[in-house]
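The values are calculated or read from the model by the stated rules, or taken from the named source; none is laboratory data. Fair warning: this is a prediction, and the values are worked out from it, not measured in the lab. In this analysis, Cβ positions are derived from the backbone assuming ideal geometry, glycine residues included, and neighbour counts consider all displayed protein chains. Surface accessibility is based on the protein's heavy atoms, side chains included, excluding ligands, DNA and RNA. Shrake-Rupley method; radii C 1.70, N 1.55, O 1.52, S 1.80 Å.
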Amino acid sequence: MEKFSPFAGVVCPLDRANVDTDAIIPKQFLKSIKRSGFGPNLFDEWRYLDHGEPGMDNSKRHTNPDFVLNDARYRGASILLARENFGCGSSREHAPWALADYGFRVIIAPGYADIFYNNCFKNSILPVVLDAEIVDGLFNKAGDDTALHIDVDLEQQQLRVGDEVIGFEVDPFRKHCLLEGLDDIGLTLQHVDAIDAYEERRRRQTPWLFA
Amino acid sequence: MQAKTLYDKLWEDHVVRTDEDGTALLYIDRQLVHEVTSPQAFEGLRLAGRKPRRVDANLATPDHNVPTKNLDQGISDPVSRLQVETLGENCDEFGITEFGMGDIRQGIVHVIGPEQGAVLPGMTVVCGDSHTSTHGALGTLAFGIGTSEVEHVLATQCLIQKKSKSMLIEVVGKASPSVTAKDIILAIIGEIGTAGGTGYAIEFGGSAIRDLSVEGRMTLCNMAIEAGARAGFIAVDEKTIDYVKGRPYAPSADQWRQAADYWKTLHSDDGATFDKVVRIDAAALVPQVTWGTSPEMVVGIDASVPDPDIIDDAVRADGMRRALEYMGLEANTPINAIQLDKIFIGSCTNSRIEDLRAAAEVVKDHSVADSITLAMVVPGSGLVKQQAEEEGLDAVFLEAGFEWREPGCSMCLAMNADRLEAGERCASTSNRNFEGRQGQGGRTHLVSPAMAAAAAIYGHFVDVREL
């Protein structure tokens, strides 16, 4: 996994609560057996005016001028500003794959659904949780004529918005994995002796689970 | 000894090791696998040169993409077909048991797991599907995971986890006979909201939960995720143990007593404390109908569509207006005045034999209203379908004008050919009423099987208590 290093990015404001993973990447694109290529279909039903299917040439489709991803101010955005309960619904990891493939590296919201939140960390996306009032303030700034830029520093757990510094909390283990770009499976396999010992004990205690 | 919650017991029995910061390695007893969220996980194993640690802990079936009619013609959509074929190839290559298309045991993963006894009390159960919470009905710790974690479980039989907070939702009193598990869980979601359970593992308890059959409990736990909780579960009782007995993957006779003795310990101890407790009065509940685009947008059948103009919270009122516009509904419309186009009875929430019996009881000797363009029943598995046919339920549905389909996820998420067209309105026994969930522009109202069946007959929602 890629190491998460400090960067400055444009903020794209998506002003809706309870954005679900069906909206982030609709089901027809889940038929792919690959991990990549989902970016052009991120938020497909909101982003385009016509119905999208896998294999279509998205450059020829009619885009919805009212959707934020199509707003020239937010072109090249790498930070998504969102509302409460972002990523609810289906466990599809295709949602963070689509966000990452589009170019988002950070999401800022007052809260996330648990599975989505967890999936982000497996894909070098940092989901930042901030108080609803602070998020409100960022929405006001991000709606200005000129795009809002934020500096993101995971090591320091800080967002820099102009002169303002906003701190955020993140689980130390997840932070470490993001910063170092660590592979979870590799980490777990360092404890293979402990797994062996557990299995041996459980084989005796609950033999029907190993029948 | 300190009183423990059921969650404490399930958690502690599966911890392989814990770091100082509370990050734990949790052992997984059962992984269910389907075609949509597994191909990249198997590919990951191949690229890293890894093998599954325990092939016997995995059970696979295709469900999301499978057609529900004309199975002899195979899958016409080549992209869907490739995904289903890929599951078969991966299972062959790695030696994982798969119930493929055409196998009577094939069906929705969350239906076949318990049906086969492949999910047993006390297990940790995962699947690359958020409705894995279903299996908590059997007293398991069961939750949905992403594809990276599917690969992690294949490779290590473990997951890196932190313990959630605990919530007890106690449903006290006695529910009216027409108020089903589906109505109870919808009412709970209406009460605590779709983010109410975020960060929690929910135990459902109380007399109204104990009164539910094991299948009803599956319906309830299925939608814990719609309340924001990855896992929802219920203490083991005699009903749970009776349910498991005799199933193909259940413990053999010589291990049965040992297993059952252990399962009987799987309940929260007297005096155990929870981080949060919610109490719901079952006697006050009525059949529920969702009106919006989130499961928390739900009211009783005797109510009207809510009015955003009287809501103070601006973000919430804005969400309600957007939902009403998408749903093509006016505020203050009585729920029983809402006319439907299609009826869907199925999904991992409500496609088990008891669901089909409840719907058939309402449908018997009636006909689907002329205004309904399609009413379909999709059993949860080949074995559910077979059982229903043995009981003559297929004839009840067919005579009334329903279509009787082959098992799969079908129009719950419309990955196969079963879907709503833009603007069509559906009474659905599934679990999500999100925008576009059942087809782009489609409008979903979530209800119980009996309520969906009644809506099919009348063409609009009716109160099943009055039938």
Shielding of B:427-440 by partner chains, average beta-carbon count, 10 Å: 4
Rounded, prolate or oblate, given the Cα gyration tensor of the stretch A:30-147, with a/c below 1.5 counting as rounded? oblate
Once the dipole of the protein assembly as shown is set up with Lys and Arg at +1 and Asp and Glu at -1 on Cβ about the Cα centre, which of B:L413, B:S347, B:T61 lies farthest towards its positive end? B:T61
Using only the alpha carbons, work out the radius of gyration and Dmax of the stretch B:1-139 in angstrom. 17.1, 61
Quick one: check the C-alpha center-to-center distance for the stretch B:102-119 versus the stretch B:189-240, whole angstrom. 21 Å
Give, to the nearest whole percent, the P(r) tail of the stretch B:221-324 beyond 21 angstrom, counting all Cα pairs. 61 percent
Expressed as a whole number of Å, what is the distance separating the alpha-carbon centroids of the stretch B:1-44 and the stretch B:300-314? 40 Å
Of B:K162/B:K245; A:K60/B:K51; B:K162/B:K385; A:K27/A:K141; B:K182/B:K364; A:K27/B:K182, which sit over 31 Å apart, Cα to Cα? B:K162/B:K245; A:K60/B:K51; B:K162/B:K385; A:K27/A:K141
Helix hunt in chain B: which complete DSSP H runs extend at least 18 Å axially by C-alpha with mean Kyte-Doolittle at least -0.5? B:78-94, B:314-327
Any chance you could run the full-extension gain for B:K162 through B:A422? It's 0.36 nm times the residue separation minus the Cα-Cα distance, nm to one decimal. 89.4 nm
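P(r) tail for chain B, what percent of Cα pairs lie past 44 Å?
That tail contains 9 percent of the Cα-Cα pairs.
Which whole-number percent of Cα pairs in the protein assembly as shown have a distance greater than 39 Å? Walk me through the numbers before you get to the answer.
Working: 63835 of 229503 pairs.
It works out to 28 percent of all Cα pairs.
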Provide the buried accessible surface between chains A and B in square angstrom, both chains summed, 1.4 Å probe, rounded to the nearest 100. 5400 Å²
Shielding of B:6-19 by partner chains, average beta-carbon count, 10 Å: 2
State the volume of the convex hull built on the alpha-carbon positions of the stretch B:246-391, expressed per residue in Å³ and rounded to an integer. 217 Å³
When a/c reaches 1.5 or more, the comparison of a/b and b/c decides; with that in mind, is the stretch A:14-60 rounded, prolate or oblate per its Cα gyration tensor? oblate
Please list B:D8, A:D44, B:D275, B:D254 from largest to smallest accessible area, probe radius 1.4 Å, with all protein chains kept in place. B:D254, B:D275, B:D8, A:D44
Go ahead and run the numbers for FRET between B:S304 and A:E133, Cβ-Cβ distance against an R0 of 51 Å, rounding to 0.05. 0.95
Could you please report the charge total around B:I234, scoring K, R as +1 and D, E as -1 over all other residues with beta-carbon less than 15 angstrom from its beta-carbon? -2
What's the ranking of A:163-170, B:313-320 by average number of surrounding C-beta atoms within 10 Å, highest first? B:313-320, A:163-170
Please give the average number of partner chain Cβ atoms lying within 10 Å of the Cβ of each residue in A:24-30, rounded to a whole number. 6
Would you tally the net charge around B:C127, using a Cβ to Cβ cut-off of less than 11 Å, leaving B:C127 out, and scoring K and R as +1, D and E as -1? -2
Between B:A284 and B:E330, what length comes free when the chain is fully extended (0.36 nm per residue of separation minus the Cα-Cα distance, one decimal in nm)? 13.9 nm
When the Kirkwood radius is taken over all Cα pairs of the stretch B:111-186, what Stokes-Einstein diffusion coefficient follows at 10 °C and 1.306 mPa s, in µm²/s? 110 µm²/s
Leaving out ligands, DNA and RNA but keeping every protein chain, what accessible area does A:M1 have, in Å² rounded to the nearest 10, with a 1.4 Å probe? 90 Å²
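Order B:180-186, A:188-194 from most to least packed using the mean count of other Cβ atoms within 10 Å.
B:180-186, A:188-194
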Give the percent of DSSP beta bridges with both residues in chain A that are antiparallel, rounded to the nearest 5. 50 percent
With r as the distance between the Cβ atoms of A:Q156 and A:H62 and R0 = 41 Å, compute the FRET efficiency 1/(1 + (r/R0)^6) and round to 0.05. 0.45
For the protein assembly as shown, what is the calculated [θ] at 222 nm in deg cm²/dmol (nearest 500), taking -39500 (n - 2.57) for each run of four or more DSSP H residues and dividing by its residue count? -9000 deg cm²/dmol
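Tell me the net charge near A:F4. Cut-off is 11 Å between Cβ atoms, A:F4 excluded, with +1 for each Lys or Arg and -1 for each Asp or Glu.
On the way: positive: A:K3, A:R105, A:R174, A:K175; negative: A:E2, A:D153, A:E155, A:E180.
Around A:F4, the surrounding residues sum to 0.
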